[in-house]
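Have a look at the structure below before the remarks.
The values are calculated or read from the model by the stated rules, or taken from the named source; none is laboratory data. All values derive from a computational prediction rather than experimental measurement. Please note: Cβ atoms are built from the backbone with ideal geometry, for glycine as well, and neighbour counts cover all protein chains shown.
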Amino acid sequence: MKKLFKLIIAAVFAATLSLSAFACGNTQSANKIVVGASSTPHAEILEQVKGTLKERGYDLEIRIFEDYVLPNTALESGEIDANYFQHEPYLLNFNKENKTDLVSVEKIHYEPFGVFGKNVGKDDYISNKTGRTIIIPSDGSNCTRALFVLQGEGFITLKDGVSASSTLSDIDILNKNGNNIVLAEASTIPAQLNEAADGTIAVINGNYALEAGLSVKTALATEKSDGEAALLYANIIAVKRGNENDEKIAALISALKTAAVYDYIVNTYKGAVLPVFDRP
């Protein structure tokens, strides 16, 4: 009877340990890399390195997220090893607002913001900078970035000292030229533009433009690819602080920064996505 009791206790203890490991998110094996990503273009780019990582002894699992919050909460909790969907200004703002401790380990690509319109021709766009409804992302860093685009295009004037780390509350739009700035969750903007009144324009994140079938060639304007924004807003591989030097993360970055991935980005996205690393 005592022997049976000991066996039962041992089984319960083992099960408790197993459940504890699962609850802490410690479910990845040493040769498995789990990366959270937006479907386009991030997951598509990651698909290109599965073979390379396999040759180096790693299995890459890509978990798709369709928003800008869950990939970071999953990373913070340990459910995934890394994520690939955001730029560093967004990450820093997310850390500040959510008390997370996530860090960037490498910049991979840049997605120029595009300005698209609902039945707005190029001549109309250039000549008419007043009285428009303009839809932009609501999250802090992307909102600021969109406002910089609108200022560069002549729709608004921002106060001096606005930076990439500013939030909407820090921004004083001194001159909106009668334009109505509408904030919306970034992923919903293409659909909202499609349902908007003629003459409406929107500033859309590159990945969401791609998912909606919007081509950079049809954009009324795009963010300048040779400016500081290309590096400031480059999309990154992020990890939880303390994992920056993990062998799995080093293998992932090495697999991404190759001539094959560089060529894939250039040839596939035709300017809507641009690599920010030099071609090896």
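Observations, loosely collected:
- Residue count for region 92-113 satisfying the condition of being closer than 16 Å to residue 240 by Cβ and modelled with pLDDT of 95 or more: 10.
- Within region 150-171, being under 17 Å from residue 135 (Cα atoms), assigned to a loop (DSSP other than H, G, I, E, B) and either small (Gly, Ala, Ser) or at pLDDT below 60 (or both) holds for 154, 167, 171.
- Filter result (farther than 11 Å from residue 105 by Cα and exposed (fewer than 14 other Cβ atoms within 10 Å of the Cβ)) within region 243-259: 247, 259
- The helices (runs of 4 or more DSSP H) falling completely within region 36-149 that include 1 or more residues that are in the same structural domain as residue 271 (by TED's automatic domain parsing) map to 44-47, 50-55, 70-77, 88-98.
- Of all positions in region 239-247, at least one carries a residue that is out of contact with any His (no Cβ under 8 Å at 6 or more places or on another chain) and either part of a helix (DSSP H, G or I) or under 21 Å from residue 134 (Cα atoms) (or both).
- Yes/no for residue 193 being in contact with a strand residue (DSSP E or B) (Cβ under 7 Å, 6 or more places away or on another chain) and within 21 Å of residue 126 (Cα to Cα): yes
- The listed residues are 272, 229, 238, 250, and the only one of them that is modelled with pLDDT of 90 or more and touching a helix residue (DSSP H, G or I) at 6+ places or on another chain (Cβ under 9 Å) turns out to be 238.
- Among residues of region 30-54 that are of a type in the set (Asp, Glu), those with a Cβ under 8 angstrom from a residue that is assigned to a strand (DSSP E or B), sequence gap 6+ or separate chain, pair up as 47/62.
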